[in-house]
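*Asks:* Dropping the structure in here first, questions after.
The values are calculated or read from the model by the stated rules, or taken from the named source; none is laboratory data. Here the structure is a predicted model, which means the values were calculated and not measured. With ideal geometry, Cβ positions are generated from the backbone for all residues, glycine too; neighbour counts draw on all protein chains shown. The accessibility values were calculated without ligands, DNA or RNA, using every heavy atom of the protein model including side chains. Shrake-Rupley method; radii C 1.70, N 1.55, O 1.52, S 1.80 Å.
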Amino acid sequence: RDEVVGLLKSLDKEGNEGARSFYLTAWGGKDSYTFDRIGRGLNLRIEACCLSLLGSIQPAVIGGYLRRAVNEGGGDGLVSRFGFLVWPDQVAEWHNVDRPPDTAARQAAADVFERLDALDPLAIGATGEDGEIPCLRFDDAALELFTHWRTELELRLRRGEDHPAIEAHLTKYRKLSLIHI
């Protein structure tokens, strides 16, 4: 979405509880989601629903939205599930750049998405019990890095020095790895 605040505000409105529930469920990537279109007879189930959202929002706009969410008690944790990237700082100098789009880079990115879409998890060594979502395991070096990162995260959360809204956001990181520890 071009402006994420429009999505957030629409999910806050009465009558959009189903859509909000979908975004909450789809964040983790492990849970199933069933939806039905009234009158069309569809009852569709997504076994491992995972949603990624890429969009933009201005700093002042997200700041106001977050302040309101924090003042209202944080709600159901929807905003805490968003992983925000930062915006670039304004630089003092400006110069015009007029060049054609990098079509090779665009195609390389599209190729990555197509390869991921066609990927057979079991063919690359993913494992899973009957009915579970196949997953890849860390090798020893990656597990060591992850363990270091997670240790720092858990120690930070236990110090209780962060604002409750930041703490709520950071606690969501535990589920991003889909690791059962």
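*Asks:* Please identify the pairs in which a residue from region 136-164 that is part of a loop (DSSP other than H, G, I, E, B) has its Cβ atom under 9 Å from the Cβ atom of a residue that is basic (Lys, Arg), counting only partners at least 6 apart or on another chain.
*Replies:* Within 9 Å, the pairs are 162/156.
*Asks:* Determine, yes or no, whether residue 129 is in a loop (DSSP other than H, G, I, E, B) and at negative phi. Walk me through it before giving the result.
*Replies:* Numbers: in a loop (DSSP other than H, G, I, E, B): yes; at negative phi: yes.
Criteria met by residue 129.
*Asks:* With respect to residue 109, is the statement that it is among the small types (Gly, Ala, Ser), part of a helix (DSSP H, G or I) and touching a residue at least 12 places away in the same chain (Cβ under 8 Å) true?
*Replies:* Details: among the small types (Gly, Ala, Ser): yes; part of a helix (DSSP H, G or I): yes; touching a residue at least 12 places away in the same chain (Cβ under 8 Å): no.
Here the answer is no, as residue 109 does not meet what is asked.
*Asks:* Out of all the residues in region 89-121, which are under 30 Å from residue 58 (Cβ atoms), among the aliphatic types (A, V, I, L, M) and within 21 Å of the chain's Cα centre (by Cα)?
*Replies:* Step one: filter region 89-121 for residues under 30 Å from residue 58 (Cβ atoms), giving 89-103, 105-106, 108-110, 112-113.
Adding the requirement that they be among the aliphatic types (A, V, I, L, M) leaves 91-92, 97, 105, 108-110, 112.
Within region 89-121, 109, 110, 112 meet the criteria.
*Asks:* Among the listed residues 166, 124, which satisfies the condition of being among the aliphatic types (A, V, I, L, M) and within 21 Å of the chain's Cα centre (by Cα)? Talk me through it step by step, then tell me what you get.
*Replies:* Numbers: 124 fails: within 21 Å of the chain's Cα centre (by Cα).
Just a single option satisfies the conditions, and that option is 166.
*Asks:* Something else about it: Quick check on region 72-109: of everything there that is of a type in the set (D, E, K, R) and modelled with pLDDT of 90 or more, which residue is least open to solvent (accessible area, probe 1.4 Å)?
*Replies:* In the first step, residues of region 72-109 are kept if they are of a type in the set (D, E, K, R); the result is 72, 76, 81, 89, 93, 98-99, 102, 106.
Retained after the next criterion (residues that are modelled with pLDDT of 90 or more): 93, 98-99, 102, 106.
Details: 93: 155, 98: 142, 99: 178, 102: 99, 106: 153 Å².
Ranking the candidates gives 102 first.
*Asks:* How about region 117-141: which of its residues are hydrophobic (A, V, I, L, M, F, W, C), over 21 Å from residue 28 (Cα atoms) and open to solvent by less than 70 Å² (accessible area, probe 1.4 Å)?
*Replies:* The one that is hydrophobic (A, V, I, L, M, F, W, C), over 21 Å from residue 28 (Cα atoms) and open to solvent by less than 70 Å² (accessible area, probe 1.4 Å): 141.
*Asks:* Going by the conditions given, is residue 80 in contact with a His (Cβ under 8 Å, 6 or more places away or on another chain) and of a type outside the set (A, V, I, L, M)?
*Replies:* Details: in contact with a His (Cβ under 8 Å, 6 or more places away or on another chain): yes; of a type outside the set (A, V, I, L, M): yes.
Spelling it out, residue 80 is indeed in contact with a His (Cβ under 8 Å, 6 or more places away or on another chain) and of a type outside the set (A, V, I, L, M).
*Asks:* Now for a different question. Hey, among 124, 133, which residue is farther than 30 Å from residue 5 by Cα and touching a residue at least 60 places away in the same chain (Cβ under 8 Å)? Reasoning before the result, please.
*Replies:* Details: 124 fails: touching a residue at least 60 places away in the same chain (Cβ under 8 Å).
Going through 124, 133 in turn, just one is farther than 30 Å from residue 5 by Cα and touching a residue at least 60 places away in the same chain (Cβ under 8 Å): 133.
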